[in-house]
1. Which residue is nearest to Phe285 (Cα to Cα), if the candidates are limited to region 297-342 and must be charged (D, E, K, R) and open to solvent by 90 Å² or more (accessible area, probe 1.4 Å)?
2. Is it the case that some residue within region 162-171 is farther than 18 Å from Asp375 by Cβ and among the polar types (S, T, N, Q)?
3. Which one of these does Thr325 not meet: (1) within 30 Å of Ile180 (Cβ to Cβ); (2) in contact with a Cys (Cβ under 7 Å, 6 or more places away or on another chain); (3) not acidic (Asp, Glu)?
4. Which condition from (1) open to solvent by less than 10 Å² (accessible area, probe 1.4 Å); (2) in a strand (DSSP E or B) is the one that Ala239 breaks?
5. Here is a list: Asn330, Asn340. Which entry is over 20 Å from Gly185 (Cβ atoms), modelled with pLDDT under 95 and among the polar types (S, T, N, Q)?
6. Name the residues in region 8-43 that are of a type in the set (Lys, Arg) and surrounded by 23 or more Cβ atoms within 10 Å (Cβ to Cβ), would you?
7. Among strands (runs of 3 or more DSSP E) lying entirely in region 118-179, which contain 2 or more residues that are touching a residue at least 12 places away in the same chain (Cβ under 8 Å) and open to solvent by less than 20 Å² (accessible area, probe 1.4 Å)?
8. Can you find a residue in region 88-107 that is within 30 Å of Glu133 (Cα to Cα) and touching a residue at least 60 places away in the same chain (Cβ under 8 Å)?
Amino acid sequence: MTVMANRVGIVGGGAAGLVAAIAAAQKGASVTVFEGGDRVGRKILATGNGRCNMTNINADLKHYHGKRPEFIFGAKNRFWVDETLEFFSNLGIVAKTEDDGKVYPYSDQASAVLDVLRFKTEALGINFITGFEVSDVSKTKKGFAVTAYNGRVEYVDKVIIATGGKAAPNLGSKGVGYDILKGFGHHITKLYPSLVQLKTETTVVRKLKGIKLNANVTLGTETEYGEVLFTEYGISGPAIFSLSSRLDNQTEISLDIMPEYTYDKVCEMIYIRMCQNPNLPLENFFVGMLNKRVGQALLKYCKVEPLSRYSVTMSEKEVERICKTIKCWNFKIEGTMSWNNAQVTKGGAVTDEFNPNTMESKYEKGLYAAGEVLDIDGDCGGYNLQWAWSSGYIAGSEAGEGGDNL
């Protein structure tokens, strides 16, 4: 008697979907990836500014968010950073770890990561159907029916939803996975753009457009150190991206633009400058201490004007205002940039409705979810790709069970 291979369908050919496909095929399953775009892995190519920040050796619970971030423990106990690095090493990637724990391919090419994944899928005989925009997935007597908008239907025994979220729709993330999961009774949290630039009141930031500086950035009770970029609409940079994932009704974000120095030391430095350069116009007072434009904007923000005044004319109260602002410069938050600018989605399918050890739905046997479509998002720095690799691998391994090992 001939035993039919276990048919596994994967909706989405991104990071989670590709690893899920490999894991399922390695279990002996017959795997088909349904990709709405004309090619797979487009978002992988954009990660890490084209370098692909594959993971972070510091990946742990504190870097993940969602209603129940501890959901990651199922993946963490089974296929996490070490297993991921071994997986990619076996595919041919030589990795390097930078001081902040970020891991990149030694070649600094995101295309290399996508290439080795594609090479492996080809070697395993995985079937790709591109241009297949899935409109619906339903359970039938023939198995799961995967239906495209053009009416084409494909049948599989098990299906993994790895569609990504709503972030970066230009790279193929359109949020279809949420509707598919809703069709099986799953619930979706409210969705927000994350790892995204923040819009602020623009009086100050427009004057500083294009300037970068390192700062301690505080949002509520959370503080991140990193590069901040001023833009015409607000603030950007790695520290801002990470904190955007914790945005929850806060109205202000603050910058400590001299984090290496205490408040008292900053005051001392300013008084010394006043004594050494009493007749220096305020417009040049911070040259050599801060970016000149930042210094001028700071003085105007503190209402220490006109800038044609000599430094010696600053009062004690004015110096106090300046020092306080250097250590805590508040910017009013007016929202985030759009989904087009976001790197990841905050929110997603409620994780309580999935088995954290298998990624299988608790509502429908044979239905799995992986990656960004679930209510798990990570900080900036390789954490989201780690979640994609891990959840995809586990979903694929579990869905692939029932085939002959290759």
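1. Glu305
2. Yes, region 162-171 has at least one match.
3. Status for Thr325: all satisfied but (1).
4. So the condition that Ala239 fails would be (2).
5. From the options Asn330, Asn340, the qualifying one is Asn340.
6. Residue satisfying the conditions is Lys43 alone.
7. So the answer is 134-140, 143-148, 158-161.
8. No, region 88-107 contains no residue that is within 30 Å of Glu133 (Cα to Cα) and touching a residue at least 60 places away in the same chain (Cβ under 8 Å).
The values are calculated or read from the model by the stated rules, or taken from the named source; none is laboratory data. Please read these numbers as outputs of a predicted model, since none were measured by experiment. Every residue, glycine among them, receives a Cβ derived from its backbone with ideal geometry; neighbour counts consider all protein chains shown. SASA here: full protein model, heavy atoms, side chains in, ligands and nucleic acids out. Shrake-Rupley method; radii C 1.70, N 1.55, O 1.52, S 1.80 Å.
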